[in-house]
Every structure is written in C-alpha cells, then in structure tokens.
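Have a look at the structure below, then the notes.
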C-alpha cells in the first residue's frame, strides 16, 4: 500500500472509528448472528488478485459488524469489562505502525524502558511494595502460569526446569491452594505446568465467597502430614463470580509460616486499589511473592495488557532465561531483557498505550471514572435490595452485582428459579439493549451485572434496571 | 476523551504514522539510545492531573522515538523481519476500537468465524493437509507450548493434566527431539510444561545444518531401550540461524513408526511455502500432528499473529478445556470456542488484520513480494561468493544469508576472525544505515543478513553490501 493510499484510508478509518464510538448504542449489544452466518458470507478461498480497500471496508460493515458483540457499548454489563479509550486506541495505532519487537532492550530501548517506567507508575498508583518489579504480560492466565512456574522452581531448587518432573519424588506431589471461587485459569495453569489439576486444592469460602484461611491452614497441614509439598497459594482479590475478596493478611501469614509462594490474582479488581478508599482490598499484599492485575479490564487500556509484578525478578528470570547466540547483544549485562520475564520471546510494545492513558487522564481522572462505576454499582444494589421481587446474592464490594429475580412470597423451587432467571437473561440479551451474564454462587444461578464500560453513565444503569424489571415482570405473568 | 478530540488526534496520528512511513529511512535503524536514557527523561511518578494529547505526542517524538529501533526501516536486516503493511496497521486500529474479546463464540461471533475462515485461507495458501484446523496464537513460543502439551497428554492418556507428573513413572521420562539448530523456545517450552530441559534431546545436524534423521532414529531407539518414552519431535523448517530445512518426510516416517507426535516449527519460513516453487520445503507435512508459522514475521501482518494448525483439534481442546459456569453459553454445543485452543482465556481479534492483508494484496500480490525478497537474497549470496574476502557459511534456502569477512589468503585464527566480524557488525549497526545481527554455525561466528522488510528494494540491498564492504575494508587496514 503506497503512503498516499495509507493516508487516505487511514483518515477514512479514523472517521469510521469515531463514528463507531458515536453510534455504538445503535447496535444490539450482543450480536444476533447465528452460528455459521458470518462464515457463510465469506469465500472459502482467498482472493488471488488484490482487492480495493473500499470493498474491504464495505464488507467490514456488511459482514463483520453484524457478528460483533459490542464490548464498548455502554450497555455492556456482562463478564468483566474490557474497556478502552481514545488515547489507548491511538497508542495502539502508533504501536502497530512502529512494529517493534520488545524482546530485548536493544531491539527498542524505549519499549523496554517505557515498560519499566509505566509499571513503576502502576506500582505507585496501587501503593504496592517498593521492591515489586513489573512486566507486561498479555493476560492474567499467562501471568498466573509465570507465578506457578516461579513457585515450582523455587521449591524444586530449579531442578524441574532442568531435569523435569521425573526428578521429583512421586509421593511428594506439589500442591497449589486456591478458593472454590478462584478463576479457572489457576487449574488450567496447574495443568500446563505439570502440577496436574488434582493438585489444585480448592479451599472452601465463607458466606461472602472469600477464602476461609482456617480451612487453608488445615489443608496445608494435612498435605504436609501426608508427605505432600505445599508450593503455591493463589489468593483472589475480586473473584470472577462476585468480586469476593480473599483475606490477604491472614493468607499471607500462612504462606510465610509454611514458606509457600503467594500469588495474588486481582485481574479485575486491582484497578480499584488506585482509589485510596479502596486500597484496603490489597492489605497484606506485602506478603505476596507475585501479583497480577489487568489494565485491559478496567483501566481504559485496550486488550491485551496484563500487569504482572514479582518481588524477586531474579527467580523469574532464572525460570525463563535461555541464551542462544542469535539473541545475545553487547548490552545484556547492563539492561533488562524482558524476553526472560515470560513465556513469549516476541513482545508487543504495550507500554505505549498505558503511557498514553495514564498521562491523558492523570491519576485523578482515572480515579473519578472508577469511583463513578463503584457508585453506580452501589445504587443498583440498593434498587435490588429495595425491590421485594429481587434478591441480592453476594456483597457488592466493587462494580459487580449478583442477583436474581425471586418473586416475593413465592415458594418456587431452585430449579424453577434457575429456569426463570435463565429465561430473563436470554430475553434481556436478545433485546440487544443491554448484555448481562450469569454465574452460580452456593449452587444458585445468579444474574450478574458488572459496571465498567468507559462510557456507561447513570442513565445506562437506570435503563438497565428498567429492562431487567420489564423482563422479570413478563416472566412473572 | 470526547469523540471530537478523538477525531482530531486520530487524524493527526494517521498523518504522524504516514509521515513515519515516508521518513523512516531518515532514522538510524538501530537506536543509538544509551541504557537508562529514555527512563531518565521520564518522571518517576505518574501525573495526577490529565495532560493534553499535544504534550503526549510531543514527548513521543522527543523522548520515545530516539529509543526506537526501526523494525520497519527498509535497512532492517537483523534477526528475522517482523514486517507490517498499511492494511494490517489499519485493521489493528479497527480491532483496538472494537475491543472485543474473542474468548467464546458468543462474545463476538464474527471474531471466531473470521478466524476460522482466514486460517482456512492460510491452510489453502500453504497447501496444508485438508484435515488441519487452525487457531491464531500470539507467538510461535506459545504455539510450541500448545504442541508439547498435546503431545504430553496424548502420551499420558490425559493423565498428567489431571493428576500431574507424579502419576508418571520417574524412570520413564518423556523425551522431546529437536535439532541442535532448533529455536530456544523448544527448550523453554519443555521447561514450562514440566518435561525439563534435559529431556530435550538435541539431534546432530548435517553439513547444511538440517536434522540428521538417522541420528534421530538412533536417539529414539536408544531412549526406548533405556525405558524412556519418546513423546514429541520438533522439526524445524527454516532454522533461526540459517533457515536450514529439516527433512520432514524422513522425520515424519520415524515419528509414525514410533508413534511420536510431530510438531513442525516453520515460524519464519512458513510464508515461503505460499510460493508453488518453494512449497517443497513442507514436503512431508502430511505426517505432522501440528504446525506453526508466524504471519507476523514475513506476511505483512503486524506483530502478534502466529498461525497454529493441528490435525486433531479434539486433543488440543481436551488439553485446555475447563468449563466454569461463568463462561458457559447457550451456543457451546454448536460453535467453536477458541478459549479451549490455547493458554489464554482472553483473545484479541487478530483475524481482522490477516483478512485485510490477504484481501488487499491477494495471493498473487503476496507471492510477488516474497519472491522479490528471495531473489534479493540470492543476489546478495552471489556477491558474497564472488568476493574473495568474504565467505558464505550456510546454504541460502530462503531470505537469510550467513557469511563472514575472511580476507583472502589470511591465516587469521577463528578467534581473531570472530573479533573482526564482531567489530564489523558493531560498526555497521552504529552507522545507523542498516541493522544486521549475528549467530554461530559450527562454532563459527557469522554475520547474518535477512531480507524481508516490506519496503526493502534492490537499492537497499546493494546499499547494504556497500556498507558491509566499506566496514570490512576498514577492518582490514
């Protein structure tokens, strides 16, 4: 593509993007596409001759857009948000154009050093311990794998890395502890890294869905008595289902007492700790060995961008470092080469978008937006609590409300309640006006509304409440 | 950022990008930044108040750009290319703006279905076996981890996933075979997945740096005789040092004979197989269980985009599938949920840029560009061969030339030749005009010139040859 065409279509697509941002509310939030529909509209074979950008953009509108679920719609209340912002999108454009690989310092010094700077900024914004060192990974799943590997190697004295699991006594399985409410990536990570899913011990939770530290300590002691080796505790700050907060201080004390690696997964909730009044969710973090939160969820930074911190980067580097001739540079002894901080060798220049976002909004501007989301969630919670036909199913610590329709006085069975609420959710999502998701807490099927889209305002939340009540009323009839 | 400002700065940054593309040759290819220089120019604390985009863009120019090594400079001949193109950059802009998470079908049907379509297109473009199914991963390192896990679980009957390595008899270590020239990600992957680096058996190479299949078979038989379990062969098509081509057909026959998973790493070279006259580099691929190549290297698609194919996706899905309530959707039985095809749960909408690139250039247009690079490499090779002061150190199969300055008639020691060539390389890279890298082949230090940047023309390659000879002459004096 010649530079003139790039300029022409670049301007056109900037307008396309700006128009999209302006009109996103005219789309149904959840795509109404049927399975196979997009695929059927596309040729099975690639074109031999090049096509005009004009045609490609037309097909983007005609074929792709109807198949998009609009995560940037202010009515997106499903899962956790993956919000974004103007400065983040523009930084991604610049990063794509520069196309640098931040694998070693020399292959773009600014990419490595800006990553160090913005990770230090995040450390300060979250008031994390001074000694934590940060690296940007793609996802919390990968950050967790990194933590599990560092824990595994610290326990094995870096022997499994070299000799593999056969070196480890079969009867002394390494054990990972996490709560029954922890994210599926913990078990997935345990499989990937060879611990095995069965060696992830799910610790029971209390009435607020937070890990019970007494049960944790008992599980650890039982394992030790049985000759098994406690390796890693994965505590969660802000569980996926209900943003439950594991008690880090008590868990950290147990980790220290038994010499177990403590990894803290705050993939979603970490952003909240930027607010002084919410920083207490990380009380005890000084006892953690590693910590992850995802700016790509709730920090206006487009996917992917996962902030991973470790107390002892030397251990992480020892896990990942391999030094083939073709990757050596004359600067290796003086600089940070992030290729040794994770699984991937190739690394995108992700620091740029964090830098754009933090500078553009400033810490105060970010706090204002996070506070607005938290206040809206509390307001929504109050509506649920005040309405006799609805039931709140978990404490609202942050931005996410778990609830269900449960008509007053009804003696409806759990099974029937589930069917009704599932039908309400399906109806709401099919309406296209908002998009919510579900989970299960204590066996009960919950609707789940998570407020964190960049452009969500009070009007969108009152609108959502109206839609939910309307669909619930219809279900009642 | 309001939409009006987004539009204003969006247009400004499109021009910034277009200007960058036009003037990229005015920058030194390898950044001249000193360690710590970029960092020192940035404040240690994040700003409390938001800043103007104007200031951020000024600092991008003033602080960041001097620290960029220009991978998109036509004088970038180092490593392997990570090239890009106008349509790819524009698709990345759109993808960042849509900000969808392609974790499950429902969270954006078009993202999943377009991924299926473009991966099928690539399968046809490379003439891969019909039954191969594709998924986009971020890097070949991660694709290789996926292959190793699938191999591990096939051999263990999915027992290690569940019960961990302790279930596996200690004396029967699982073994991985790859050549001495294979990429470091194989050993890294073996560590991550619990095999251990020592269970990666490095098979000797022939005079062309390709794996010796007889040595492979002997190693397999020796392991079997010793009670060890051959698990996976990682063959390389286009090694990192010299683009050597492992003989897939003979390796594949051994894999079949002993029931070993065959993974083919063509991370760089895969693109060449799009050329009918080069498709033979993949002869034997029908015997592979998995295959990876990176469109983000040499297919005009900006980083990251790794194309991973498997013959039996059910095995891959069985490795990765975990099904928590909060990720279930009503469509799960009818659709592909790519979250179960890899490590990460969250997934960027990467298919869009492949779709833009393949449509914009067409298969013919892509072939023309790849051919031009291959022809330039052959021409450069001929100059090396014709110059009595230079020595070719490996066959030039594709776009990469390994050579060194070796003055005619000199009886310089290997040690001194290395020092001279290192100094030549450092001088060339410090000149800022071109950027080359190095490797080691058969113990000898080689200079390495890899031609694959989108805008590299014959003039750039003749220019590079001039610069190399000039620095070599200076070294001779």
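Pair-distance distribution P(r) for the stretch B:220-295, from all Cα-Cα distances in 5 Å bins starting at 0: 4, 17, 26, 23, 15, 9, 5, 2, 1 percent. Percentage of Cα-Cα pair distances in the stretch B:25-86 greater than 18 Å, rounded to whole percent? That tail contains 50 percent of the Cα-Cα pairs. A Förster radius of 45 Å combined with the Cβ-Cβ distance from residue B:328 to residue B:415 puts the calculated FRET efficiency at roughly 0.10. Relative contact order of chain A: 22 percent, from C-alpha pairs under 8 Å at least 6 residues apart in sequence. Structural descriptor for the stretch A:290-373: relative contact order 24 percent, calculated from alpha carbon pairs under 8 angstrom and at least 6 residues apart. Start at zero, step by 20 Å, and the Cα-Cα distances of the protein assembly as shown spread as 14, 47, 33, 5, 0, 0 percent across the bins.
Partner shielding of B:135-141 amounts to 4, given as the average count of beta-carbon atoms from other chains within 10 Å of each residue beta-carbon. The mean sequence distance of close C-alpha pairs (under 8 Å, at least 6 residues apart), as a share of the length of the stretch A:100-348, puts its relative contact order at 25 percent. What the Cβ-Cβ distance of residue A:222 and residue B:40 gives, at R0 = 51 Å and to the nearest 0.05, is a FRET efficiency of 0.45.
FRET efficiency for the pair residue A:426 and residue B:55, taken as 1/(1 + (r/R0)^6) with r the Cβ-Cβ distance and R0 = 41 Å, rounds to 0.30. Note on B:20-30: average number of Cβ atoms from other chains within 10 Å of each residue's Cβ is 2.
The stretch A:295-373 and the stretch B:37-71 have their alpha-carbon centroids 16 Å apart.
Looking at chain A, the DSSP beta bridges with both ends there are about 55 percent antiparallel.
The other copies place their residue B:325 label points at 5.8 nm from this one, listed shortest first, where each point is 7 Å from Cα along Cα→Cβ. Pairs of C-alpha atoms in the stretch A:160-282 farther apart than 25 Å represent 24 percent of all such pairs. Peptide B:237-245 is shielded by partner chain Cβ atoms: per residue, an average of 1 of them sit within 10 Å of its Cβ. Summarising the label geometry, the points placed 7 Å from Cα in the beta-carbon direction at residue A:457 and residue A:208 lie 3.4 nm from one another.
An oblate overall shape is assigned to the stretch B:1-45, the ratio a/c of its alpha-carbon gyration tensor axes (a ≥ b ≥ c) being 1.5 or greater and a/b not exceeding b/c. Shape analysis of the stretch A:373-477 based on the Cα gyration tensor places the equivalent ellipsoid semi-axes at 21, 15, 13 Å, largest first. When residue B:221 is represented by a point 7 angstrom out along its Cα-to-C-beta vector, the spacings to that point in the other copies are 5.8 nm, nearest first. Only alpha carbons enter this Debye calculation for the stretch B:87-143, each as an equal point scatterer, and the log10 of I(q)/I(0) it gives at q = 0.12, 0.13, 0.23, 0.30 Å⁻¹ is -0.35, -0.41, -1.11, -1.20. Annotation for the stretch B:79-146 versus the stretch A:142-208: alpha-carbon center distance of 30 Å. Sorted from closest to farthest, the other copies place their residue B:419 label points 8.6 nm away, with each point set 7 Å from Cα along Cα→Cβ. Classify chain A: rounded, prolate or oblate, from the alpha-carbon gyration tensor (a ≥ b ≥ c, eigenvalue square roots; a/c under 1.5 rounded; otherwise prolate if a/b is larger than b/c)? Because a/c hits 1.5 or more and a/b fails to exceed b/c, chain A counts as oblate.
Put simply, the convex hull of the Cα atoms in the stretch A:264-382 casts, on average, a shadow of 9.4 nm². The ranking of B:30, B:125 by Cβ neighbour count inside 10 Å, starting from the fewest, reads B:125, B:30.
Each Cα pair of the stretch B:1-145 feeds into the Kirkwood radius, which the Stokes-Einstein equation turns, at 20 °C and 1.002 mPa s, into a diffusion coefficient of 112 µm²/s. Under 20 Å from a label point set 7 Å out along the Cα-to-Cβ vector of residue A:335, the amide N atoms of the stretch B:417-456 belong to B:422-440, B:447-450. The overall shape of the stretch B:100-348, judged from the alpha-carbon gyration tensor, is oblate: a/c is not under 1.5, and a/b is no greater than b/c.
Bear in mind these aren't lab numbers, they're just calculated from the coordinates by the rules spelled out. Model, not experiment: these values are computed from the prediction. All Cβ positions, even for glycine, are placed from backbone atoms using ideal geometry, and neighbour counts span all protein chains on display.
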